[in-house]
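Participant: Take a look at this one; I'll ask things after.
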Amino acid sequence: AIALLTIAAEAGATIALVGDRAQLPAVGRGGVLDIAATITTGSGGTVHDLDTVHRFADPAYANLTLQMRAGHDPTDLFDQLDAFGLIQLHATAEQAHEQIANATASALAGGKSVAATVATNDEARDLSERVRRQRIASGAVDDTTTSTGRDGLPIGVGDVIATRNNDSTLGVANRQTWTVQHVGTDGSLTVVEAANARKHQQSATLPSSYVAQHVHLAYANTGYGVQGVTTRGAHTLLSESLDAGGVYVGMTRGR
């Protein structure tokens, strides 16, 4: 970053840092946008806050997401979400997990993209396993020949997975999602990129060693896993472990 800024200064170029400071911060060192905003305003520069929302089909919900982003009066925000019919209470965590699993599997069966957001990796694993069981029962996933991912769950043809390590030789990136097309007898996977309207779908072959270390089912993810994603619909499991940033990210994935 220092090298880039140095070269830009020498060339008289301008660098714009773009992002949403209300979403989840970087894992590890973070806060770069906040630092940049402080330095910019302190030196007489301008920080632009974009306030026009393009993702959502419903203008009223688009406006509500801006209120969620600001985080003012959470009680009123909760009441508004409830008025939209977007809050469902469950007697147990088991019931909540099962309902989100049902809704996620149903959306995928209908060819619709969906994001299920949870607070922890353990919750993501549990929910992904539930969704997978339903997809096996419906015939969407073939459980005959499987490989095993880093989460310890089996992976078969039809499963949706995520790669978690950049590898230019394989042509895969961290957090990229794929649909499994073939499972080799050695545990390798032939995959095609999950539907993305902005670019052509690419394919890749993942060796079993990469699968075991850097691949997991992607039916449910933490807020970090879905940040930046746009889907047809979305579900967020609110628990004691999910903070405001995670709620905001989870509730703003679906169109």
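Participant: Restricted to Cα positions, what overall size does the stretch 211-255 have along the principal axes? Three whole-Å values, descending.
Facilitator: For the stretch 211-255, the Cα extents along the three principal axes come out at 32, 26, 14 Å.
Participant: Under a point-charge model restricted to the Cβ atoms of Lys and Arg (+1) and Asp and Glu (-1), what is the dipole moment magnitude of the chain relative to its Cα centre, in debye to the nearest 20?
Facilitator: 680
Participant: Sticking with this structure for a sec: Along the charge dipole of the stretch 78-137, Cβ charges K/R +1 and D/E -1, which of 87, 107, 120 sits furthest on the positive end?
Facilitator: 107
Participant: So what is the 222 nm mean residue ellipticity for the chain from helices alone, if each DSSP H run of at least 4 adds -39500 (n - 2.57) and you divide by all residues, rounding to the nearest 500 deg cm²/dmol?
Facilitator: -11500 deg cm²/dmol
Participant: Same structure again: Using a simple spin-label model with points 7 Å from Cα along the Cα→Cβ vector, what separation in nm is obtained for residue 255 and residue 20?
Facilitator: If labels sit at residue 255 and residue 20, their model points lie 1.6 nm apart.
Participant: Among 157, 231, 30, which residue has its Cα positioned farthest towards the positive end of the charge dipole of the chain, with +1 placed on the Cβ of Lys and Arg, -1 on the Cβ of Asp and Glu, and the dipole taken about the Cα centre?
Facilitator: 157
Participant: Then there's this: Roughly how many nanometres apart are two label points built 7 Å out from the Cα toward the Cβ at residue 182 and residue 53?
Facilitator: Placing both labels 7 Å along Cα→Cβ, they lie 4.5 nm apart.
Participant: I've got another one for you. Chymotrypsin sites (Phe, Trp or Tyr not before Pro), restricted to the stretch 1-87: which are DSSP loop and have at most 12 other Cβ atoms within 10 Å?
Facilitator: Those satisfying the criteria are 84.
Participant: Suppose the chain between residue 192 and residue 34 were pulled fully straight at 0.36 nm per residue; how much longer would it get relative to their current alpha carbon spacing?
Facilitator: Value of the extension gain: 53.2 nm.
Participant: Rounded to a whole number, what % of the accessible area of the stretch 1-53 do carbon and sulfur atoms account for, probe 1.4 Å? Let's see the in-between values first.
Facilitator: Values: 2610 of 4340 Å².
Here carbon and sulfur together make up 60 percent of the probe-accessible area.
Participant: Classify the stretch 60-107 from the C-alpha gyration tensor, please: rounded if a/c falls under 1.5, else prolate or oblate depending on whether a/b exceeds b/c.
Facilitator: Because a/c hits 1.5 or more and a/b exceeds b/c, the stretch 60-107 counts as prolate.
Participant: To the nearest 10 degrees, how steeply does helix 121-138 sit against the main Cα axis of the chain, on a 0 to 90 scale?
Facilitator: Compared with the principal axis, the helix lies near 40 degrees.
Participant: I would also like to ask the following. State the percentage of accessible surface on the stretch 104-255 attributable to carbon and sulfur atoms; use a 1.4 Å probe and exclude ligands, DNA and RNA.
Facilitator: After summing per-atom areas, the C and S share lands at 45 percent.
Participant: Placing +1 at every Lys and Arg Cβ and -1 at every Asp and Glu Cβ, with all other atoms neutral, what dipole size does the stretch 40-95 have around its Cα centre, in debye to the nearest 20?
Facilitator: It comes to approximately 240 debye.
Participant: Right, another one. Report Rg/Rh for the stretch 135-251, rounded to two decimals, where Rg is the Cα radius of gyration and Rh the Kirkwood radius.
Facilitator: The Rg/Rh ratio comes out at 0.98.
Participant: With the crude spin-label approximation of a point 7 Å out along Cα→Cβ, what separation in nm comes out for residue 73 versus residue 120?
Facilitator: Distance between label points: 3.5 nm.
Participant: Under 10 °C and 1.306 mPa s, how fast does the stretch 6-111 diffuse according to Stokes-Einstein, given a Kirkwood radius computed over C-alpha pairs? Answer in µm²/s, whole number.
Facilitator: 88
Participant: Next up: Kindly report the accessible area of the stretch 1-57 per residue (heavy atoms of protein chains, probe 1.4 Å, no ligands, DNA or RNA), in Å².
Facilitator: 82
Participant: Let me ask something else. Kirkwood Rh, the stretch 143-212, all Cα pairs: how many Å?
Facilitator: Computed over Cα pairs of the stretch 143-212, the Kirkwood hydrodynamic radius comes out at 12.0 Å.
Participant: With the other protein chains left in place, how much accessible area per residue, in square angstrom, belongs to the stretch 125-255 at a 1.4 angstrom probe?
Facilitator: Result: 48 Å² per residue.
The values are calculated or read from the model by the stated rules, or taken from the named source; none is laboratory data. Bear in mind the structure is a predicted one, so any value in this text is a computation, not a measurement. Positions of Cβ are backbone-derived with ideal geometry, glycine not excepted, and every protein chain shown enters the neighbour counts. Surface areas here come from the heavy atoms of the whole protein model, side chains and all, with no ligands, DNA or RNA. Shrake-Rupley method; radii C 1.70, N 1.55, O 1.52, S 1.80 Å.
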